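Asks: Structure in structure tokens, see below.
The values are calculated or read from the model by the stated rules, or taken from the named source; none is laboratory data. Just so we're clear, the structure is a prediction, and the values are computed from it rather than from any experiment. Glycine gets a Cβ as well: all are built from the backbone with ideal geometry, and neighbour counts include every protein chain shown.
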Amino acid sequence: MLKKLKPRSEFARNVLTLITGTTIAQAIPIAISPILTRVYSPEDFGVFSLYMSVVSIVAVIATGRYELAIMLPKEDKDAANIAALSILISFIISFTTLLIVFVFNTAITDLLGNPKISNWLYFIPVTVLLTGIYQSFNYWANRQKEYKRLASSRIMQSFTTSGSNLGMGFGGFGFSGLILGNLFGQLLATVYLVRRVIFDDRKYLKLITKNEMYLLLKKYIKFPKFDLSASLLNVSAQQVSNILFNTMFSSSIAGYYYLTQRMLGLPVSIVAASILDVFKEQASKDFQSRGDAKEIYLKTFKKLFFLSLIPSILLYIFAIDIFTLVFGSSWAISGEYARVLIPMLFLRFISSPLSFMLYIGEKQELNLFGNFLFFTGTLLSFYFASTALDVVIYLSYSYSFIYLLYLIISAKIAKVF
């Protein structure tokens, strides 16, 4: 009976493995969120969102985006050298970030508009370094189809982060408990992936040379040349909203918006991120061998569309009631924000995995333009809005339009039309 229920295709089995691991990993923070919203205040979440926004923006340049190229070479030797290159760049960027924080701490704190963040700026280089190393080994494990390894690392990170957040929340640590919990979880997950590579893939370490790294740095120069700017704009567009909510409104408003993103973004990533990990591996192979990825593109599109349709409708109707019931009456504003963002999240859920076709087709220049639109849309939303709710509405409209553009472009690259 169990054998009949087991997916027959390799794609479905791989997706199931990652979905299972990611679901467990994401279910943990979702499950404890009603407790966290009662031991941490909206202001605590607002300061934490400010820290994570800065980290996310800096982390984009941590590897020069070379980790994305790990999937592309035919030979594992080349992929191993690209992974080593991206990790080396991570160390350089992290050290540079530390120097900048040390010299300009006061100026950065004044720019962010929150003196509470000052001492925590010194933790940003560490978080950025761990992010760069984790992403590099994550893509390597993906290339090797080590999906169980990926799932395990995500569960480990989630369990550690959530446990730390709870413990320090009850201990009265305030927003620092959220920051330290995130750091501990990331550290443990990174160490786990590093250990697995050392023990399981040791033979590839001997193939890493300076000359090979230099040659591959030049071969895949499009990634830092085009995708770095595109990704920096993309992440900045997403994270600058948390910064501007802090500076233009208040830490509490930023906390409301952050919880909305967190609660809606986590369930979305449970399936979308897992499908992306498998989609990019299969689509890369199909595109290299056949010159198109039409079949896997359409198959993935259908899965994403039907998986997200009913949950999106239900959330649109009951978002405010759900947030009030689960997180407490003081978080009703987050439910209102959630209802406004549902259409945009629906389109993001579908387009995000499929947009990897821009990397496979090496059309980074198009991604650069698309992310310029994201960034511009974010700034204009804050410029024209008079209230925080108006900002959220404008963000939803502008982002929805851009995600539709991404779907059309990625389908064209996959030669669907």
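Asks: In the list ILE270, ILE275, ILE310, which residue meets the criterion of being closer than 18 Å to LEU341 by Cβ, at pLDDT below 80 and of a type in the set (A, V, I, L, M, F, W, C)? Talk me through it step by step, then tell me what you get.
Replies: Numbers: ILE275 fails: closer than 18 Å to LEU341 by Cβ; ILE310 fails: at pLDDT below 80.
Criteria check complete, one pass: ILE270.
Asks: Against the conditions (1) of a type in the set (A, V, I, L, M, F, W, C); (2) surrounded by fewer than 19 Cβ atoms within 10 Å (Cβ to Cβ); (3) assigned by TED's automatic domain parsing to the domain that holds THR37; (4) at pLDDT below 85, where does LEU232 fall short? Just the number, please.
Replies: Answer for LEU232: the failing condition is (3).
Asks: Now, a different point. Out of (1) small (Gly, Ala, Ser); (2) over 16 Å from the mean Cα position of the chain (by Cα); (3) at pLDDT 85 or above, the odd one out for SER241 is which?
Replies: (2)
Asks: For the subset of region 118-154 comprising residues that are surrounded by 21 or more Cβ atoms within 10 Å (Cβ to Cβ) and among the β-branched types (Val, Ile, Thr), which member is farthest from SER49 (Cα to Cα)?
Replies: The extreme case among them is ILE133.
Asks: Another question about this same structure. Report yes if some residue within region 304-324 is assigned to a helix (DSSP H, G or I) and closer than 30 Å to SER86 by Cα; otherwise report no. Before you say what the answer is, go through the steps one by one.
Replies: Here is the first cut: in region 304-324, the ones assigned to a helix (DSSP H, G or I) are 304-324.
Now narrow it down to the ones that are closer than 30 Å to SER86 by Cα: none.
Taking every residue of region 304-324 in turn, none turns out to be assigned to a helix (DSSP H, G or I) and closer than 30 Å to SER86 by Cα.
Asks: Would you confirm whether any residue within region 48-70 is in contact with an Asp or Glu (Cβ under 9 Å, 6 or more places away or on another chain), in contact (Cβ under 8 Å) with a residue 12 or more places away in the chain and of a type in the set (Lys, Arg)?
Replies: Yes, some residue in region 48-70 is in contact with an Asp or Glu (Cβ under 9 Å, 6 or more places away or on another chain), in contact (Cβ under 8 Å) with a residue 12 or more places away in the chain and of a type in the set (Lys, Arg).
Asks: Take the residues of region 293-316 that are closer than 14 Å to PHE346 by Cα and β-branched (Val, Ile, Thr): which is surrounded by the fewest Cβ atoms within 10 Å (Cβ to Cβ)? Full working, then the answer.
Replies: Quick first cut of region 293-316, residues closer than 14 Å to PHE346 by Cα only: 301-316.
Those left that are additionally β-branched (Val, Ile, Thr): 310, 313.
Details: ILE310: 9, ILE313: 12.
Among those residues, the one meeting the criterion is ILE310.
Asks: Related question: Look at ILE92 and say whether it is buried (at least 17 other Cβ atoms within 10 Å of the Cβ) and either polar (S, T, N, Q) or within 26 Å of GLN364 (Cα to Cα) (or both).
Replies: Numbers: buried (at least 17 other Cβ atoms within 10 Å of the Cβ): no; either polar (S, T, N, Q) or within 26 Å of GLN364 (Cα to Cα) (or both): yes.
So ILE92 does not fit the description; no.
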